[in-house]
Amino acid sequence: QVQLEESGGGLVQAGGSLRLSCAPSGSIGVIYVMGWYRQAPGKQRELVATITTGGTTNYADLVKGRFAVSRDNAKNTVYLQMNSLKPEDTAVYFCNFQTMWRHYWGQGTQVTVSS
């Protein structure tokens, strides 16, 4: 079964940067929307950013101007460049791929921002 494999999480000081990436372990067909979500302890999972096949992006208000989502369609990979990180960005970050038939979720990668 195809899985999404994430990388790039870790511990960083406030004001620092991290870059997350996510790619499938096998072929899953055309990926219409790639996205990132996050879930902090005790909170619901929330949208961070999405990007369509054509490159149209959408961001949560809390990350606009600090995060940038991009994708490499040839590699079926999505990236999330996170700059000016804040302690409130601490969460488990999940990638999500939407194909014609279903959504795929990554296992999550921890991002911790210390003050």
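Odds and ends about this structure:
- For the chain, built as a Gaussian network whose Cα springs stay under 10 Å, the top-fluctuating residue of LEU18, LEU62, LEU80: LEU62
- The residues neighbouring ASN83, those whose beta-carbon lies less than 11 Å from its own, together hold a net charge of +2 under the Lys/Arg +1, Asp/Glu -1 convention.
- Stokes-Einstein diffusion coefficient of segment 49-115, Kirkwood radius over Cα pairs, 25 °C, 0.890 mPa s, in µm²/s: 186
- Over the chain, Cα pairs under 8 Å with separation of 6+ residues give a relative contact order of 36 percent.
- Normalised per residue, the accessible area of segment 35-110 is 54 Å², obtained with a 1.4 Å probe and no contribution from ligands, DNA or RNA.
- About its Cα centre, segment 42-115 has a charge dipole of approximately 100 debye under the convention of +1 per Lys or Arg Cβ and -1 per Asp or Glu Cβ, with nothing else charged.
- Across the accessible surface of segment 38-113, with the other protein chains kept in place and a 1.4 Å probe, carbon and sulfur atoms take up 50 percent.
The values are calculated or read from the model by the stated rules, or taken from the named source; none is laboratory data. What you are looking at is a predicted structure, and each value in this text was computed from that prediction instead of being measured. Backbone-built Cβ (ideal geometry, glycine too); neighbour counts: all protein chains shown. For accessibility, only protein heavy atoms count, side chains too; no ligands or nucleic acids. Shrake-Rupley method; radii C 1.70, N 1.55, O 1.52, S 1.80 Å.
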